[in-house]
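Notes to accompany the following structure.
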Amino acid sequence: MILAQRLYVVPNPNMSNVRNNNYMYTFRPFVFVKCVPKVVGDRYYGPKARSGHRIVCDDKNLYSFGGYKPLVIENQVWLGGNSPLFKELWKYNFASKLWKRLLCNETIPNEVASSAVILAGSIMMIYGGTGYPFATVCSNRLHVCNLREDYKLQLVQVEGSVPREQYGQALILDGPYLYTVGGTTGFDYYADVHRLDLRTCVWEEVYVCTGRAKEEPQGRYRHELAFDGTRIYLLGGGTAEVVYGFQVEFKLS
């Protein structure tokens, strides 16, 4: 297995790569540029190569949560024993080109692989995920982290029709509602839709796939979602045996 620790960005219309890895303001949309972190002293300081992590970003920083690597590395924060999970939250500053490991390990849950993460303003929401060995422990818990304060993760106390414990889910936000779609227990795969009212912290079922409609998407995990204000678009994902293409899933009304 080959894992990566490279970071790429697609510049916005005011950003372009020039000599000496500096930036100037110009119009070059949809051009991938490799981000080269600064070296402090004589060594690289930043997250190790991994998969199963999740990232979000704002206009100043990129945040990387969790992840997995099959080979245990010295001086890493593991969950215990030989567990190959990164119980970490990192920040990469676009201006300084420096990584910083945020001091919040004691509040990070044990399920740090294949979580679903979304950013709302300065609040990062982390939902679901799995621990190690994979699928033996899964999560249906929601944690929030204020990226403008102390970076401590806080568990959200919820009620209602709470989704099953899974990993590989995906999230979108629609006003006060947080939607989660799909996921796996490691044995079964789902494409059900649930939503959490962030004002009341009550979960409800929006649509449970039972095979009654031919348009229902197949159960999957590690898919991606997009939302245009009316429809949820479902892209990719799969199971242990099959991968899926692009589908328009649900119209919210």
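Modelled this way, with points 7 Å down the Cα-to-C-beta line, the labels at Lys97 and Lys48 are 2.6 nm from one another. Distant-in-sequence amide contacts of Leu252, defined by a placed amide H-H separation under 5 Å and a gap of 5 or more residues or a different chain, comprise Arg231, Ile232.
Grouping the Cα pair distances of segment 108-189 into 5 Å bins from zero gives a pair-distance distribution of 3, 15, 26, 26, 18, 8, 3, 0 percent in increasing distance order.
Annotation: extensible slack from Thr200 through Arg28 equals 57.6 nm (criterion: 0.36 nm per residue apart, minus Cα-Cα distance). Taking other residues whose beta carbon is less than 15 angstrom from the beta carbon of Tyr68, and scoring Lys, Arg as +1 and Asp, Glu as -1, yields +4. Per-residue 3J(HN,Hα) values for segment 35-45, derived from phi via the Karplus relation 6.51 cos²θ - 1.76 cosθ + 1.60 with θ = phi - 60°, read 7, 10, x, 5, 8, 8, x, 10, 9, 6, 10 Hz in sequence order (x marks Gly and Pro).
Counting charges near Leu119 (Lys, Arg +1; Asp, Glu -1) among other residues having Cβ under 14 Å from its Cβ returns a value of +2. Taking 26 Å as the straight-line reach from the Cα of Lys91, the lysines in range (excluding those fewer than 8 positions away in the same chain) are Lys34, Lys38, Lys48, Lys60, Lys69, Lys100, Lys152. Projection of the Cα convex hull of segment 195-253, averaged over all directions and equal to a quarter of that hull's surface, yields 5.1 nm².
Full extension of the chain between Leu119 and Asp150 yields a length gain of 9.6 nm, computed as 0.36 nm times the residue separation minus the alpha carbon distance. Can you work out the PRE-style zone for Val242? Point 7 Å along Cα to Cβ, and I want the residues of segment 196-223 with backbone N under 17 Å. The answer is 209-223, whose backbone nitrogens lie closer than 17 Å to the label point. Computed over segment 152-217, the percent of Cα pairs more than 16 Å apart is 51. Extension gain, Thr185-Val208: 0.36 nm per intervening residue step, less the Cα-Cα distance, totals 6.7 nm.
All of the numbers you see were taken from the coordinates with simple rules; none came from a lab. Given the structure is predicted, the values throughout are model-derived calculations rather than measurements. Positions of Cβ are backbone-derived with ideal geometry, glycine not excepted, and every protein chain shown enters the neighbour counts.
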